[in-house]
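The values are calculated or read from the model by the stated rules, or taken from the named source; none is laboratory data. Given the structure is predicted, the values throughout are model-derived calculations rather than measurements. In this analysis, Cβ positions are derived from the backbone assuming ideal geometry, glycine residues included, and neighbour counts consider all displayed protein chains. Ligands, DNA and RNA are stripped out before the accessible areas are found, and what is left, the full protein with its side chains, is counted by its heavy atoms. Shrake-Rupley method; radii C 1.70, N 1.55, O 1.52, S 1.80 Å.
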Amino acid sequence: MSQQSQHWVATAGQPLRGTLEIPGDKSVSHRSVMLAALADGVSTIDGFLEGEDTRATAAIFSRLGVRIETPSPSRRIVHGVGVDGLKPADGSLDCGNAGTGMRLLAGLLAAQPFDSVLVGDESLSRRPMRRVTGPLVQMGARIDTQDDGTPPLRINGGQALTGIDYTLPVASAQVKSALLLAGLYASGETSVTEPHPTRDYTERMLSAFGVEIEFAPGYAKLRGGQRLRATDIAVPADFSSAAFFLVAASIVPGSELRLRAVGLNPRRTGLLRALRLMGADISEENPSTHGGEPVADLVVRYAPLRGIEVPEVLVPDMIDEFPALFVAAACAEGPTVVRGAAELRVKESDRLAAMAVGLRTLGLRIDETPDGATIHPGPLGAGTIESHGDHRIAMAFAVAAQRAAGEVRVDDVANVATSFPGFDRLAQDCGFGLRG
Ligand code: S3P
């Protein structure tokens, strides 16, 4: 079955068993190719995610004049051109489905001496960009969006940028990262303060590339005019991809899975904490560090789950994991309440609505609020689910189907390849009932 098939038919399968290698982290892969491109010298990236999103970012840098070799899958050799070495591309630059690609590139390209146009697919073309263009304009950038603040982004280069101290209204690693990348080119210092700490990969990686940057949870500051020194990057396995298997094994009786060397940056592992509050049986074995990031094998065994009020403080640390969390909640004992998660409405789809509609289709009661939902668990039936072209909605319902009484047809699953190529094969191999 290929990742290109347009739908899945998923049914309860076997108890899930096996040892799984999860593909590389999407956030780290995007950043690795960007920073390696800007560095002086040659960098090697191992564990690069061969997903459509990250390949789109690599393709953009090739078009900006960076030589990138792929000696074998998941490995890239990037011949950095230096902070001042990018060349204008002919025509627009296609970020595909990737909000991370577009928002970080907006910061970087706003500081170049040439013009650029960033476009994306249908889903990305609906996503809000003023959160990033607003502060960039404050730095002196000139960027036009559509009237409603959505892409394409038309970036007028050749502007002199000035560092700002910016307090983010909404926690966003993408906006923070865009400002830091622009800040590399700005006069003076650029600082970003967040309402809640978000993933700090840009800060850590800039530091690994030799940039002097001051950072702590919720804060980052750098001085413009610095250069990057090539380095080698090891990308850990993506916790957000592992999340689907953590939930699947937690809800299918008799399951036991080992997920090898998964990245456990604390800004990503909110779901692990939430699942443990629900009673999940997940242990960490063989802890080590991989490219400066904590990693460990995650061993997950079936355990009866109970509903919880998800602590709001966990929300930014599990922002991509709510589709998976909703499925865990659907199979728990007692309701689960989610609050403070309005950002889910502007991800690849409106994830609160997509999960609520999908779980209702399978027979559950979901009370939706503007910034969350209460999930009332119950037996899952059969039905057809619209993924809205959202990779994480599609995978979440493949997982939910493992506890359903009938067939769950998941439509529009091609976008799973944006973040998790080979999900379907890995799922089948460990016991999922899933066919294309
Ligand atoms: C990401 C940050 C998050 C996350 C996205 C990846 C990143 O978005 O949802 O999948 O790589 O910086 P926001 O920063 O918009 O919350």
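Some points to look at:
- Based on DSSP H segments of at least four residues, each scored -39500 (n - 2.57), the chain has a per-residue ellipticity at 222 nm of -8500 deg cm²/dmol.
- Karplus-derived 3J(HN,Hα), 6.51/-1.76/1.60, for each residue of the range 393-405, Hz, glycine and proline x: 5, 4, 5, 4, 7, 4, 6, 4, 4, 5, 10, 8, 6
- Averaged over its residues, the chain has an accessible area of 35 Å² per residue, based on protein heavy atoms and a 1.4 Å probe.
- The phi torsions of the range 348-355, fed into the Karplus equation with coefficients 6.51, -1.76 and 1.60 and a -60° offset, translate into couplings of 4, 9, 6, 6, 5, 5, 4, 6 Hz, rounded to whole numbers, with Gly and Pro shown as x.
- Site pair GLU256 and VAL9 shows an inter-label distance of 3.3 nm when each label is modelled 7 Å from Cα along Cα→Cβ.
- Full-extension gain in nm, GLU214 to ASP40, via 0.36 nm per residue minus C-alpha separation: 60.5 nm
- Counting protein heavy atoms only, the chain has 48 percent of its accessible area on carbon and sulfur, 1.4 angstrom probe.
- Gap separating the Cα centres of the range 147-209 and the range 4-24, nearest whole Å: 37
- Degrees, to the nearest 10: 26-38 long Cα axis against longest axis of the chain: 10
- Counted residue by residue at 0.36 nm each, then reduced by the alpha carbon distance between them, the extension gain from GLU333 to ASP411 reaches 25.2 nm.
- When the listed pairs LYS176/LYS347; LYS26/LYS176; LYS87/LYS347 are checked against a 23 Å cut-off, the alpha-carbon distance exceeds it for LYS87/LYS347.
- Extension gain for the segment ASP84 to THR289, taken as residue separation times 0.36 nm less the Cα-Cα distance, is 70.6 nm to one decimal.
- Applying the Karplus relation 6.51 cos²θ - 1.76 cosθ + 1.60 with θ = phi - 60° to the range 326-336 yields 3J(HN,Hα) values of 4, 6, 4, 5, 5, 9, 8, 9, x, x, 10 Hz, where x marks Gly and Pro.
- Residue among ALA394, ALA89, ALA111 with the largest mean-square fluctuation in a Gaussian network model of the chain, springs linking Cα atoms under 10 Å: ALA89
- Distance between the modelled labels on GLU309 and PHE114, one decimal in nanometres: 5.5 nm (7 Å Cα→Cβ projection).
- A Cα-only calculation for the range 79-154 places Rg and Dmax at 12.1, 38 Å.
- Unit Cα scatterers, Debye sum, the chain: log10 I(q)/I(0) for q = 0.10, 0.11, 0.14 Å⁻¹: -0.66, -0.80, -1.27
- Peptide packing: for 358-368, 415-425, 141-151, the average count of neighbouring Cβ atoms within 10 Å per residue gives the ranking 415-425, 358-368, 141-151, highest mean first.
- Its residue count N sets the reference 2.2 N^0.38 Å, and the alpha-carbon radius of gyration of the range 17-81 equals 1.13 times that reference.
- Separation in nanometres of the label points that stand 7 Å from Cα toward Cβ, at ARG142 and ARG365: 5.8
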